[in-house]
Amino acid sequence: MSARIATIGFGAMARSLAAALARHGGGPRVTDCLLRPDSATDLPEGVTACTDIAALIAKAPDLVVECAGHAALAETVPALLRAGLDVVVVSLGALCDDALRAEVMRAAAEGAARLIPVAGAVGGLDLLRAARLAGLDAVTYRGIKPAGAWAGSPAADAVDLGGLAQATVVFSGTARAAALRFPKNANVAAAGAFAGLGLDATRVELIADPAGTANRHEIAATGAFGEMAFSVTNRPLPGNPKTSHLAALSAEEAVLAVFAAGPFGADAAPRR
Ligand SMILES: NC(=O)c1ccc[n+]([C@@H]2O[C@H](COP(=O)([O-])OP(=O)(O)OC[C@H]3O[C@@H](n4cnc5c(N)ncnc54)[C@H](O)[C@@H]3O)[C@@H](O)[C@H]2O)c1
């Protein structure tokens, strides 16, 4: 029988995940989701909604995927882990809160469950994790977005977003400070920090580019291993222009990896 996946939330990312897993056929399937009691959404065939966490836990899914945001992670993930359910999390920025991160780690230990963070809209993190074993000297994350994409954030107070003539740094500081000031941009900064030098030693620059048309993420690092630079320019996910398509693919890949049959990826069984 196919592994049963439950999602927290059923927005653009969960919808994309459910459709993609259904296309693979035979593998894990999204069968359940946790919705807020007041939210109405049309669900695809085969997906059932719960509106409280006890009901979701009672369904004993094989894996849960949080795709609902920072507050939802804080509200649901500790209880799921404590109940022994493995959880993939996409809203990593929430874990910049030291107390929540400690609670989540405690819950995972108590429930003997796994917390599986995704790389999300970025990449190169496997390299960072390996490189840190020999010592990293510096890790920098740069997030570059079209100027208009920063509207409504503290960047709008720092610069005149509509009047920029060139790409301009709107924040420079640690990953921890970036997550506090720009919580909506914290997921990628957190992923880079957790893979490398941590929240206080990872440098973050956020940049508004008046000529930009897409979101770009860059991670650069130096250390005993040598040096690395990774850059990705993302297309948006159909259904939510604020979420990168890659972030949804990253959640899909994390789910497939949990139930993977072997190490040969596309060469073992073509997926699309
Ligand atoms: N790691 C990354 O690179 C990355 C990139 C993009 C998005 N994300 C995260 O993924 C999340 C989901 O993205 P999306 O595009 O699907 O967003 P979305 O807004 O389309 O969907 C989120 C859904 O979650 C639901 N929700 C919120 N709180 C909930 C709760 N407590 N219980 C149940 N449902 C709840 C909302 O009603 C909404 O339907 C984002 O909030 C963001 O934190 C991570």
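Summary table
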read-out: Candidate set from the stretch 90-104 (those that are within 10 Å of the ligand (Cβ to nearest atom) and part of a loop (DSSP other than H, G, I, E, B)); member that is surrounded by the fewest Cβ atoms within 10 Å (Cβ to Cβ); value: SER91
read-out: Residue among ALA193, ALA149, ALA208, ALA134 that alone is of a type in the set (A, V, I, L, M, F, W, C) and in a loop (DSSP other than H, G, I, E, B); value: ALA134
read-out: Residue match in the stretch 18-26 (condition: within 12 Å of the ligand (Cβ to nearest atom) and either crowded, with 19+ Cβ neighbours inside 10 Å or over 21 Å from the mean Cα position of the chain (by Cα) (or both)); value: yes
read-out: Some residue of the stretch 172-179 being in the same structural domain as LEU206 (by TED's automatic domain parsing), out of contact with any Lys or Arg (no Cβ under 8 Å at 6 or more places or on another chain), part of a helix (DSSP H, G or I) and modelled with pLDDT under 95; value: yes
read-out: Among residues of the stretch 105-123, those that are small (Gly, Ala, Ser) and away from the ligand (no atom under 13 Å from the Cβ), counted; value: 6
read-out: Filtered residue count, the stretch 200-247, keeping only those that are closer than 21 Å to LEU95 by Cβ and among the hydroxyl-bearing types (Ser, Thr, Tyr); value: 3
read-out: Residues that are over 29 Å from GLU227 (Cα atoms) and either touching a residue at least 40 places away in the same chain (Cβ under 8 Å) or crowded, with 16+ Cβ neighbours inside 10 Å (or both), drawn from the stretch 135-155; value: ALA147, ALA149, TRP150, SER153, ALA155
read-out: Residues satisfying the stated conditions in the stretch 73-89, i.e. near the ligand (Cβ under 8 Å from one of its atoms) and either of a type in the set (Ser, Thr, Tyr) or in contact with a Gly (Cβ under 6 Å, 6 or more places away or on another chain) (or both); value: THR76
read-out: Within the stretch 211-262, tally of residues that are in a strand (DSSP E or B) and either of a type in the set (Ser, Thr, Tyr) or near the ligand (Cβ under 10 Å from one of its atoms) (or both); value: 13
read-out: Residue match in the stretch 158-167 (condition: within 21 Å of LEU95 (Cα to Cα), free of Cβ contacts under 8 Å to residues at least 60 places away in the same chain and surrounded by fewer than 21 Cβ atoms within 10 Å (Cβ to Cβ)); value: no
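The values are calculated or read from the model by the stated rules, or taken from the named source; none is laboratory data. Note that the structure is predicted; figures quoted are calculated from it, not measured. Don't worry about glycine lacking a Cβ; one is built from the backbone with ideal geometry, like all the others, and counts go over all protein chains shown.
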